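Structure record follows, encoded as structure tokens.
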Amino acid sequence: MRFEVADELTLFAESVRAAIGGWQPPREPELGRWQDDRDDGLAARVRAAGWSELWSGKELLGAVVAGGIELGRAAAPVCLVDEATLGAPLWVDGRARHAREAASLAVPLSGGGLGLGPLASEARPESALDGNGTVLVDVTAIGQLEDVAALSCWRAWNAATLAYLAGLTDRALALAVEHARTREQFGAPLSALPAIQSRLADAALAADAVTLLAWAACSNEGGLQEPELRWAGFACCDVAAAAQQVHGALGFALETGLHVYYRRARSVQAWAAAACSAAY
């Protein structure tokens, strides 16, 4: 399926893509050690492309989605989503991501509210499979945003997160399709095997659905869309898992880069689900 996107949104997506350039996330995980893929140089380039100016109104959500998809395709640091939309690193249930040097944290509040609070304890790095720079930290003296401001922040974060998941899904599928076309088994490309065709077709259907869901977020009148975020997170994980199977279930074979998208899909899905649970 091909999606018709307005020319100005296509141009903005190209600007974000150019800002990302040849940036790539670390391929080799340091298992058992704290990891943070935050990149201040990348953040500055994306900010210069206009990414940090998109949160002032609902009419700009189309650009949020266009740019968020590009960030997802690159598996860019998730702090580019959190800090631009929420104003600070995301904190849920005692954990925050990309927050080791943060002065304050964004806290989901029951009923769909949003609070900003200073760190009440020293951030303690926690080992994780993905490079989200997860830290254990407490928050106190939370200042709650006004309802209108909280709604605007969550609406933007919702659209950006859905778009990021769509980008992850799109790239994982593309890597699987490329592998199926070039890898030969039994004297023919993998793509000629009915079982592979069926798996890729299911993955493509799910990828299209996540992308449509992200663009639908442009018309979101509310804040956090819990069912949509949960479904998109699981769908992204399913596509990444299908791509791993097409690659022969190679797991953490570093040369393909696919494991980065599988890890990031699992991580984003878990954080999105946790934020929804905390807010509702």
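The values are calculated or read from the model by the stated rules, or taken from the named source; none is laboratory data. None of the values given here were measured: they were computed from a predicted structure. So basically every Cβ, Gly included, is an ideal-geometry build from the backbone, and we count neighbours across all protein chains shown.
Residue check: is residue 243 surrounded by fewer than 20 Cβ atoms within 10 Å (Cβ to Cβ), farther than 25 Å from residue 92 by Cα and out of contact with any strand residue (DSSP E or B) (no Cβ under 7 Å at 6 or more places or on another chain)?
So residue 243 fails the test.
Does any residue of the range 64-72 turn out to be surrounded by fewer than 16 Cβ atoms within 10 Å (Cβ to Cβ), among the aliphatic types (A, V, I, L, M) and either at pLDDT below 95 or in a helix (DSSP H, G or I) (or both)? Please lay out each step first, then the result.
Let us first name the residues in the range 64-72 that are surrounded by fewer than 16 Cβ atoms within 10 Å (Cβ to Cβ), namely none.
Looking through the range 64-72, none of the residues is surrounded by fewer than 16 Cβ atoms within 10 Å (Cβ to Cβ), among the aliphatic types (A, V, I, L, M) and either at pLDDT below 95 or in a helix (DSSP H, G or I) (or both).
Within the range 83-98, can you find the residues that are assigned to a loop (DSSP other than H, G, I, E, B) and either more than 18 Å from residue 52 (Cα to Cα) or without any contact (Cβ under 8 Å) to a residue 12 or more places away in the chain (or both)?
93, 94, 97
Those residues that are part of a loop (DSSP other than H, G, I, E, B) and either without any contact (Cβ under 8 Å) to a residue 40 or more places away in the chain or surrounded by 24 or more Cβ atoms within 10 Å (Cβ to Cβ) (or both), I need them from the range 138-173; list them, please.
140, 141, 142, 145, 146
Does the range 60-80 contain at least one residue that is free of Cβ contacts under 8 Å to residues at least 40 places away in the same chain and charged (D, E, K, R)?
There is no residue in the range 60-80 that is free of Cβ contacts under 8 Å to residues at least 40 places away in the same chain and charged (D, E, K, R).
Among the residues of the range 216-240, write down those that are buried (at least 24 other Cβ atoms within 10 Å of the Cβ) and farther than 13 Å from residue 162 by Cα.
Selection gives 239, 240.
State yes or no: is residue 131 in contact with an Asp or Glu (Cβ under 6 Å, 6 or more places away or on another chain) and buried (at least 22 other Cβ atoms within 10 Å of the Cβ)?
Taking the combined requirement at face value, the residue satisfies it.
Please pick out the residue among 60, 90 that is of a type outside the set (Gly, Ala, Ser) and either over 15 Å from the mean Cα position of the chain (by Cα) or surrounded by fewer than 24 Cβ atoms within 10 Å (Cβ to Cβ) (or both). It would help to see each step written out before you state the result.
Details: 90 fails: either over 15 Å from the mean Cα position of the chain (by Cα) or surrounded by fewer than 24 Cβ atoms within 10 Å (Cβ to Cβ) (or both).
Selected residue: 60, the only one of 60, 90 that is of a type outside the set (Gly, Ala, Ser) and either over 15 Å from the mean Cα position of the chain (by Cα) or surrounded by fewer than 24 Cβ atoms within 10 Å (Cβ to Cβ) (or both).
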